[in-house]
């Protein structure tokens, strides 16, 4: 069964606005990863945050991790139409492979 | 796509026939994975491999088998295809341990009639 659950399932914003997506999970993790998927394509890794980290940045992306609440958020600042995609969180616990959530569909309207 | 190719990219088959999907990588990574992606379910792990001839089951392995006789190739076989196996299948690799970043292939769209 899925470990991570993204929220919201779908998000529509105007270009230039910030987009925030959340991920909640159930058990302890080694790390949490965010991926993007453009329509009809494979997933692309965005960022990995380890369980002992609280915040990480990569360009316009900011990821936070709160292990006490078992949650993470992905913030995309100054969104662009090209950011339109589905975004997935994936968790790793123990020696098991990644377990993906069902994703958030982001639409950025120009 | 990190040197990962999948073949075929599209396939239509009939219920009851065997189907084999191929994942090929050019960078000698140890870990390889097969996922299926369905609306409302996200990505679910079918099988994965941590070396030649070393494989393990994932969340949705029933009706699927895998083989890895060479580092670069990971084959997924639907022993007797069913309509419920209509899906998009993705192969992925990871550079280090199974917990690290994964890189995905372009996917195979399979329709079972």
Taking chain A, the equivalent ellipsoid from its C-alpha gyration tensor has semi-axes in Å, biggest first, of 23, 14, 12
Here the gain from full extension of residue B:80 to residue B:15, 0.36 nm per residue of separation minus their alpha-carbon distance, amounts to 22.7 nm
When a footprinting reagent is the concern and you count Cβ atoms within 10 Å, what order do B:32, A:21 take, fewest first?
-> A:21, B:32
Starting from the exponent 0.38 and prefactor 2.2 Å, build the expected Rg for the protein assembly as shown from its residue count and divide its actual Cα Rg by it.
-> 1.02
Between segment B:56-113 and segment B:10-48, what's the alpha-carbon centroid distance in Å?
-> 3
Just the Cα atoms of chain B, one point each, no solvent: what log10 I(q)/I(0) does Debye give at q = 0.10, 0.20 Å⁻¹?
-> -0.25, -1.02
Neighbouring Cβ atoms within 10 Å as the yardstick, rank B:55, B:82 fewest first.
-> B:82, B:55
For a footprinting-style exposure proxy, rank A:69, B:11 by other Cβ within 10 Å, fewest first.
-> A:69, B:11
Estimated FRET transfer efficiency (residue B:28, residue A:26; beta-carbon r; R0 41 Å; 0.05) = 0.70
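None of the figures in this text is laboratory data; all of them are computed from the coordinates on show. The structure presented is a predicted model; accordingly, all values stated were derived computationally and were not measured. Cβ atoms come from the backbone with ideal geometry, glycine included; neighbour counts cover every protein chain shown.
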